[in-house]
Every structure is written in structure tokens, then in C-alpha cells.
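Taking it in order: structure first as C-alpha cells, then the write-up.
What follows draws every value from the coordinates through simple rules; no lab data is involved. Owing to the predicted nature of the structure, the values given are computational and were not obtained by experimental measurement. Backbone-built Cβ (ideal geometry, glycine too); neighbour counts: all protein chains shown.
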């Protein structure tokens, strides 16, 4: 059976839910967790595995998120809403696992300084800074877009998704680029 088209959803009523409290609580929790972990010293105990595998896992998860988002974008362009929805759920899943891995790594390790020189250093810092700023922006934006989609608020969903999709794609792609550029300096 082919995926449901957009018109298949317009005739069904969806119970409207207020996702705003959950969106803001989740956003705040993510911001607080990242801020607290950024200020803590690295964990000194033994964890039983090489924590340097986590940045690679983060890059893989960001790559998967990027691919799921591209697939979701193509699916919605083809009006295959069922596939679009599944791919968005997949992107949220890989993003959630990324966040867990990211938080774990930054709890267990000190931040790795960039060791390169020359023009690449400026490229790295530009990518890193824009990645960090937009990663903070994408949390409530993606959750709001998801909430509007779940409520089948199609026009509002489309309006915000026009901003969410390119920003989320950028954050996912630059997460991989940050890893590629800094990976030679992991200890």
C-alpha cells in the first residue's frame, strides 16, 4: 500500500493538543543540561569504554538525521505525508540519541580545543559558532513544528517548517563538519 497522501488527512479530525508546555519544558531542560555540563570539570572515574568513540557516534547520528530530513523533505514534496511523518520521527529519534551521546561525552571529557592554524581555523570557528547558535534555535523550532504537524495544523506547520527544515539541515550537516575538522585533535 502506498503512503497516505496529504488529502487523506484533511478529512479526518485530529484532537487538538496543547504542546506548548512540553515544548518549553523540553527546551529549557536541554538548555540547562548543556549549560551545566559545559561548566563542569571532566569526570575522572573509569567508565569501562573509550569515550572517544562518542564524537564519532555523534557525527554518525547527525549524518542520519540529515539523511532522514532530506528524505522527509522529498516525501512531503511528493505529498507522501505518511512517509514524511515516519522520516521526521526517525530524525527526532536520531537527534535524541545524538543529544544523549553528546551530553554523556561532555560529562565524561573536557572540551577538545581546535589545533589547526591558518584559514581553516577561521572556517572551523565560523561553522562551530553558527552551529551552536542555530542548534539552540532549532530545539523549540523543531518541537513547535512537530506539534503543529501532530495537530494537523497544516498551514501553520508549513509556515514554520519553511524555517525549521533548512536550519535543522544546517545544524545536522555542520555537526558532522565540526567533527571532521576537530577529530584529528581528540586525545
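Have a look at 116, 149, 45 and tell me which one the Gaussian network model of the chain (Cα, springs below 10 Å) gives the largest fluctuation. Comparing 116, 149, 45 in a Gaussian network model of the chain, the most mobile one is 45. The fewest-to-most ranking of 137, 171, 47 by surrounding Cβ atoms within 10 Å reads 47, 137, 171. To the nearest Å, what is the center-to-center distance of segment 157-187 and segment 90-106, using C-alpha atoms only? The distance from the Cα centre of segment 157-187 to that of segment 90-106 comes to 13 Å. Relative to the dominant Cα principal axis of the chain, helix 154-182 is inclined by about 20°. Full extension of the chain segment joining residue 110 with residue 183 gains 24.9 nm, where the gain is 0.36 nm per residue of separation less the Cα-Cα distance. Taking only the alpha-carbon positions of the chain and ignoring solvent, what does the Debye formula give for the base-10 log of I(q)/I(0) at q = 0.12 Å⁻¹? Taking Cα atoms of the chain as identical point scatterers yields -0.65. Summed over qualifying helices (DSSP H, 4 residues or more, each -39500 (n - 2.57)) and divided by its residue number, the chain shows a 222 nm mean residue ellipticity of -26000 deg cm²/dmol.
Between helix 119-150 and the chain there is an angle of about 30 degrees, using the helix long axis and the longest principal axis of the Cα atoms. Calculated FRET efficiency, residue 162 to residue 47, Cβ-Cβ distance, R0 = 45 Å: about 0.60 to the nearest 0.05. Legend: ranking of residues 83, 37 from fewest to most surrounding C-beta atoms inside 10 Å; resulting order 37, 83.
The angle between the Cα long axis of helix 81-108 and the main principal axis of the chain comes to about 20°, on a 0 to 90 degree scale. When the Gaussian network model of the chain links Cα atoms closer than 10 Å, the mean-square fluctuations of 90, 72, 42 top out at 42. The GNM of the chain, with springs linking C-alpha atoms under 10 angstrom apart, assigns the highest mean-square fluctuation among 33, 173, 67 to 33. Each label point was placed 7 Å from the Cα along the Cα-to-Cβ direction; for residue 29 and residue 60 their separation is 2.6 nm. When each of 68, 49 is scored by the number of other beta-carbon atoms lying within 10 Å, the sequence from fewest to most is 49, 68.
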